[in-house]
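The values are calculated or read from the model by the stated rules, or taken from the named source; none is laboratory data. Quick caveat: nothing in here was measured; it's all calculated off a predicted structure. Positions of Cβ are generated from backbone atoms using ideal geometry, with glycine treated the same way; all protein chains shown enter the neighbour counts. These area figures cover heavy atoms from the full protein model, side chains too; ligands, DNA and RNA do not enter into them. Shrake-Rupley method; radii C 1.70, N 1.55, O 1.52, S 1.80 Å.
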Amino acid sequence: MAAKLVALVREAAAGARAIARAYPEGCSAAALPWAVVERFDADVRGHVERDPRIEDGRDQVLIAAVTLAEAGVEEEDVPERERLVKAINDLEWVTLSRGIANRAAAALGYGEAGVRLRDAG
């Protein structure tokens, strides 16, 4: 039943990667860090049990996004962009492998509380 939450994790990561790859199109440097974590925060973060590994992964995404924004890049192929995409991939992986659906997820029909996402997807 947590398959809905797994789908939300994957959708949030796909959206974040699209924003990272399109930057600077679509958002300003100041908005980039929040744009890449917006869907994760809205759709996922409040629906999984708090886990320091997931929070660290989210922090790494924010750090990589700030680094890309400060680099002022115009080219598609820059190391800062690839670091951001890797951080997003890592956040997706740690959430899917370590995340546990919480009561808020259960109340929304995203999965039974206490179910590990890796067992649902």
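Worth pointing out:
- Of residues in the stretch 73-121 being of a type in the set (Val, Ile, Thr) and outside any helix (DSSP H, G or I), the one nearest to Glu38 (Cα to Cα): Ile100
- Here Ala42 clears all of (1) of a type in the set (A, V, I, L, M, F, W, C); (2) at pLDDT below 95; (3) within 22 Å of Glu112 (Cα to Cα) except the condition numbered (2).
- Among (1) charged (D, E, K, R); (2) part of a helix (DSSP H, G or I); (3) modelled with pLDDT of 95 or more; (4) open to solvent by 70 Å² or more (accessible area, probe 1.4 Å) - the single one Glu70 does not satisfy: (3)
- Scan of the stretch 7-37 for residues that are surrounded by fewer than 17 Cβ atoms within 10 Å (Cβ to Cβ), of a type in the set (A, V, I, L, M) and not in a loop (DSSP other than H, G, I, E, B), ordered by number: Ala7, Ala14, Ala18, Ala22
- Val48, sole failed condition from (1) open to solvent by less than 50 Å² (accessible area, probe 1.4 Å); (2) of a type in the set (A, V, I, L, M); (3) under 25 Å from Leu108 (Cβ atoms); (4) under 11 Å from the mean Cα position of the chain (by Cα): (4)
- Among residues of the stretch 57-86 being among the acidic types (Asp, Glu) and without any contact (Cβ under 8 Å) to a residue 12 or more places away in the chain, the one that is farthest from Glu25 (Cα to Cα) is Asp59.
- Every condition in (1) loosely packed, with under 14 Cβ neighbours inside 10 Å; (2) touching a residue at least 12 places away in the same chain (Cβ under 8 Å); (3) at negative phi holds for Phe40 except the one numbered (1).
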